[in-house]
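The values are calculated or read from the model by the stated rules, or taken from the named source; none is laboratory data. It should be emphasised that the depicted structure is a prediction, and the values quoted were computed from it without experimental measurement. Cβ atoms come from the backbone with ideal geometry, glycine included; neighbour counts cover every protein chain shown. When the accessible area is computed, the model is the full protein with side chains, heavy atoms only, and any ligands, DNA or RNA have been set aside. Shrake-Rupley method; radii C 1.70, N 1.55, O 1.52, S 1.80 Å.
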Amino acid sequence: MMARIGILTGGGDCPGLNPVIRGIVLTAHSFGHEVLGILNGYQGMLTGENRPLKIADVQEIIYQGGTIVGTSRTNLAKEKNGIERAKETFKKLGLDALICIGGEDTLGVAFKLYKSGLPVVGVPKTIDNDLPGTEFCFGFDTAVNIATEAIDRLRTTAKSHSRVMVVEVMGRHAGWIAAFAGIASSADAVLTPEYPMTIDDLSALLQKKRAEGKNYALVVVSEGTPLEGLDLGEGFAEVRKEKDAFGHVQLGGVGETITKALKEKTGFDCRNTILGHIQRGGSPTSMDRILGSAYGVEAMKLVQEKNFGKMPALQNGTIVPESLEEASKGIKIVPESTFSLVRTLFES
Ligand code: F6P
């Protein structure tokens, strides 16, 4: 029987969202279903704004960054009667199922919608790669490649000027991008939320390398690296304190603070670069196009099987159904085994 499937993308955008959308739409149409793109994340579940997605609408989008249905950080759980209003919209639009593509926040709300009785399937997304239940999220590979290329570029200028280059990458709760880009670009130090360093230790490491003859250094820092652990003393504060609808502080600035402290401590010429949203923009890598497409196809298959309350997840290299609840169970941090590889490479 023909069904009408709603799809939405929530939270920060991410390279690979369009391949997911394409995978869902192509599979849905192959089953004889129609698809409605709900516009701008959960905001669309309040306003009902949508656009039908036909095969022609997704034919050219596999290489495009961003999301053709728009996104927002609207939190239904914080809106007055948000869940009930979303259920009304679901009914009004004549939907038979809803696919929510997003990270911890979006999937947390998706789980709430499912618990309230809606037939919901999720798709795990975040460039930060910190979602539990899946080994990799699409978008992460693109972000790592962008960061690696940027660090490669910084190396030549760092070397010419005998400078220390601090590069701040995304990674709110976990340092996946910093760790992977740090390994790939042979950085001299990597600081992450789960593995921070004190300024004293970082300075000592860079001074040792300088004494051994390396005239420059590359330091990769996750945006979420705690300053408390850095012994920076008074006067160094987080630059921004604004919060989004999910209560997350707007990050950005820790690299600058570390750069200033390093300069003071070592006397080296230090510079700071914040990669920021550049890591989220542009075309997805082949890896993210493939993973995104596979997640899209598998999400639609879960809908077809009426296997609701689930999301496709990568486990042991295979895509399997995982409960949506799993995605809201804390943070997947970089394991010690992976980070010890980073340390072995940069400390030697
Ligand atoms: O959650 C992914 C992420 O890219 C974080 O790494 C970053 O802190 C945040 O989104 C930025 O969000 P916004 O696009 O709202 O500034």
Cβ-derived FRET efficiency at R0 41 Å, Gln250 paired with His29, nearest 0.05: 0.55
Carbon and sulfur %, accessible surface of region 76-129 computed with the full protein complex present, 1.4 Å: 47 percent
Accessible solvent surface per residue of region 150-300, calculated while the other protein chains remain in place, 1.4 angstrom probe, Å²: 43 Å²
Protection proxy ranking, peptides 141-148, 50-57, 328-335, average beta carbon neighbours within 10 Å, highest first: 141-148, 328-335, 50-57
Angle in degrees between helix 199-211 and the longest Cα principal axis of the chain, rounded to the nearest 10: 60 degrees
Residue-averaged [θ]222 nm for the chain, counting only DSSP H segments that reach four residues, each worth -39500 (n - 2.57): -12500 deg cm²/dmol
Amide H contacts under 5 Å for Ala217, placed H, 5+ residues apart: Arg163, Val164, Met165
Most fluctuating residue given options Gly66, Gly317, Gly103, as computed from a GNM of the chain linking Cα atoms under 10 Å: Gly317
In region 154-234, GluC sites (Glu not before Pro) in a DSSP loop with at most 12 other beta-carbon atoms within 10 Å: Glu212, Glu234
Angle between the chain longest axis and helix 82-92 axis [Cα atoms, degrees, rounded to 10]: 40 degrees
Computed label-point distance, nm, for sites Asp269 and Gln315 using a 7 Å Cα→Cβ extension: 5.3 nm
Local electrostatic count, Ser328, Cβ distance below 10 Å [Lys/Arg +1, Asp/Glu -1]: -2
Estimated FRET transfer efficiency (Lys243, Asn81; beta-carbon r; R0 25 Å; 0.05): 0.65
Beta bridges by DSSP in the chain, antiparallel share as percent, to the nearest 5: 25 percent
